[in-house]
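> This is the structure I have questions about; it appears just below.
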Amino acid sequence: MSTELRTNSNSFIFNDEFNLLNKSYYNVKIIVKELVYNSGAEYYDISYEYEYIEDPNNTSQIETKNKCHPFWPKLGSASGYIIKKNAMTTTMVIYLLMNYEELAKYSGNVTAQGYKRSIIAALALLWD
């Protein structure tokens, strides 16, 4: 059994950064719940809600829809996961929820959206 300590969320636009002519995108809400179990162990429950907005001028809908998805090309963990809370995952969650403008200050030569995709993929590997 667990108790929810707090919930934080933020929404982000994910598009196909390599096809700027296509205006399709996902609006993704990222929800992070901090949980504590009876044993005292603390975890993050990270979940994702998606809304796909199609570009009416797009001719290759399926390919574009997939490429806009933040988990593309590995869509398996797309609904979310539970990970152990520790110093590293706490920092990753902070960056996960950070807006693009702020994140761009830390992402080096990678776009903020690309960096956030990498954080999402890395956190998915840490599921518990």
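> Which one of these does Y50 not meet: (1) of a type in the set (F, W, Y); (2) at pLDDT below 95; (3) surrounded by fewer than 13 Cβ atoms within 10 Å (Cβ to Cβ)?
(3)
> Yes or no: the stretch 9-32 includes at least one residue that is part of a helix (DSSP H, G or I) and modelled with pLDDT under 95.
No; the residues of the stretch 9-32 include none that is part of a helix (DSSP H, G or I) and modelled with pLDDT under 95.
The values are calculated or read from the model by the stated rules, or taken from the named source; none is laboratory data. On a predicted model such as this, the values are computed, not experimentally measured, just so you know. No Cβ is skipped: glycine too gets one built from the backbone with ideal geometry, and neighbour counts run over all protein chains shown.
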